[in-house]
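Here is the structure we will look at.
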Amino acid sequence: MTNNHTADTSKQIILNAFDMNCAGHINHGLWTHPRDESHRFNELSYWTDLAKTLEQGLFDGLFIADITGVYDVYQGNIDLTLKESIQLPSHDPSTLVSAMAAVTEHLGFGVTVNLSYETPYQFARRLASLDHLTQGRIGWNIVTGYLDSAERLIGQKGLKDHDLRYEQAEEFLELCYKFWEGSWEDDAVRKDKTRRIFSDPAKVHAIQHQGQFYQSQGVFQVSPSLQRTPVLYQAGASPRGLAFATQHAEGMFIGADKPEKIKQQVDKIRAQALEQGRDPHAIKLFVGISVVTAETDELAQEKLAEYIRYASPEAGLAHFSSSVGMDLSKFSDDEAIPYQKTNSIASVNSKFKEQKITPKDLKAQLKLGGRYPLIVGSGASVAEQLIDLLDETGVDGFNLTRTVAPESHQDFIRWVIPELQQRGRYKTEYAHGSLRNKLFQNGNRLSAPHPADQYRLHSAAQKLAPQSAEHTE
Ligand SMILES: Cc1cc2nc3c(=O)[nH]c(=O)nc-3n(C[C@H](O)[C@H](O)[C@H](O)COP(=O)(O)O)c2cc1C
């Protein structure tokens, strides 16, 4: 890889650990490795230890993926999913946050919540409560779901059309913005014991919402937290998904594997953000990667060979089948997988349209059980490759998957972080303030221009109607 001449070679890498409240997240099969501890995912100490480890490595965040539903597309059943623990069992990600926040001071938490099965009010309340308890370290990965199994479990008739899910998401967010930004004035909470005023009634306003999917009227139950709106993450990649994400997101995940594809996606996202009237750099861009590292390049290769013995490319293929909504067990190893329009992840599925891909190609790509680009080498060579990837593509940072847990994160901190620091490309201490302030150095609240801004209680409006008990949008 060569450096792009226009790259900012002092840009520091933002780093998230990418994980999930389950044994097999992305690199399938590695839970069977003798040193892997992910089978302990239902123990709190597994997560509090991880949080402490990540904070020692100055990670910006722990990003917790989630799905509603089960992977039942491959071979038309869940047998392999159960045997290989392909995100089943998997537990609620938000339950981990308070405990991890209690043992850390700076680490941010990006929690994935599928809005299709939430009511905006209950959801907004839960996230605002977490923003209080973490002192502004909470983020939300906005997903709309892509599994038919989820619709059956929740008791609805079938997965909503891909683009309609994003229409619903727009309205869900609008209502959340009203709750988070538009119900309580900043100084509504007084906690004045002498005058017996906990909250000032003149500064708490009812919101109104009558929409296509949701109705709500009344005051929000949670007082303003440090960030109010959590840091918003999204991974939309289809035309409709991109339009949604570039309008709302402050962090986006890019699923591409090759540097040129990543760069194309980066340029597209920044251009669309500009069209939406936003600063193209008001969205931090992350790419998912897997790293195997050790003291030397040779030892890293040996470690990779050892890990591969435990990985399950077939489990990776089963996961992939659900992502694209197609049973890939039906194709022989050398058969080109035909493109079929499905209701699942449009952007992953469209790869079959763009190029000839066989199950054998996919299994080769999934040799470590997962589909993220794999970087193998000593700390110095991994650091060089990450820096090149950042400079060449214009992304802001990485979502680092786990391979053998927690060994792979410990290895990364031991071998790679010091090399990045020596090259001036990784912080040597945390910045202060909320997750949002750490990411953008621009305060704790969402910066305008942003769709949330129109729902805020601006001071001019407050001066016009200071006694109003009703605030309507
Ligand atoms: C890095 C990354 C992480 C993702 N994590 C999740 C997740 O945890 N849960 C989920 O339901 N979807 C997840 N997705 C899928 C996205 O929500 C979305 O469906 C996908 O990026 C495709 O967007 P599209 O619908 O616009 O094609 C993730 C995608 C990427 C690229």
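The values are calculated or read from the model by the stated rules, or taken from the named source; none is laboratory data. Since the model is a prediction, treat every value here as computed from it, not as a measurement. Note that we place each Cβ from the backbone using ideal geometry, even for glycine, and neighbour counts take in every protein chain shown.
Does the stretch 67-84 include one or more residues that are part of a loop (DSSP other than H, G, I, E, B), buried (at least 21 other Cβ atoms within 10 Å of the Cβ) and more than 16 Å from the ligand (Cβ to nearest atom)? Taking every residue of the stretch 67-84 in turn, at least one turns out to be part of a loop (DSSP other than H, G, I, E, B), buried (at least 21 other Cβ atoms within 10 Å of the Cβ) and more than 16 Å from the ligand (Cβ to nearest atom). Consider Leu80 carefully, then state whether it is touching a residue at least 24 places away in the same chain (Cβ under 8 Å), within 22 Å of the chain's Cα centre (by Cα) and closer than 24 Å to Phe41 by Cβ. Here the answer is no, as Leu80 does not meet what is asked. Is the stretch 105-125 home to any residue that is in a helix (DSSP H, G or I) and of a type in the set (Lys, Arg)? Looking for residues that are in a helix (DSSP H, G or I) and of a type in the set (Lys, Arg), one finds at least one in the stretch 105-125, hence yes. Figure legend. Inter-residue proximity from the stretch 14-30: first residues closer than 22 Å to Lys284 by Cα and within 14 Å of the ligand (Cβ to nearest atom), second residues modelled with pLDDT of 95 or more and of a type in the set (Val, Ile, Thr), beta-carbon distance below 7 Å, spacing 6+ or different chains. Indicated pairs: Phe18/Thr401; Asp19/Ile64; Met20/Ile64. Every condition in (1) crowded, with 19+ Cβ neighbours inside 10 Å; (2) more than 16 Å from the ligand (Cβ to nearest atom) is met by Phe320 except one, and the failing one is (2). If I filter the stretch 127-146 for residues that are assigned to a strand (DSSP E or B), among the aromatic types (Phe, Trp, Tyr) and in contact with a helix residue (DSSP H, G or I) (Cβ under 8 Å, 6 or more places away or on another chain), do I get at least one hit? Yes: the stretch 127-146 contains one or more residues that are assigned to a strand (DSSP E or B), among the aromatic types (Phe, Trp, Tyr) and in contact with a helix residue (DSSP H, G or I) (Cβ under 8 Å, 6 or more places away or on another chain). Of all residues in the stretch 213-226, those being within 13 Å of Ala124 (Cα to Cα) and assigned to a loop (DSSP other than H, G, I, E, B) number 7.
Restricting the first member to the stretch 132-158 and to residues that are in contact (Cβ under 8 Å) with a residue 24 or more places away in the chain, and the second to residues that are of a type in the set (Asp, Glu) and away from the ligand (no atom under 12 Å from the Cβ), the beta-carbon pairs closer than 7 Å and six or more apart or on different chains are Ile138/Asp131; Ser149/Asp72.
Please note which helices (runs of 4 or more DSSP H) are completely contained in the stretch 232-317 and include at least 3 residues that are loosely packed, with under 15 Cβ neighbours inside 10 Å and on the phi < 0 side of the Ramachandran plot. It comes to 259-275, 297-308.
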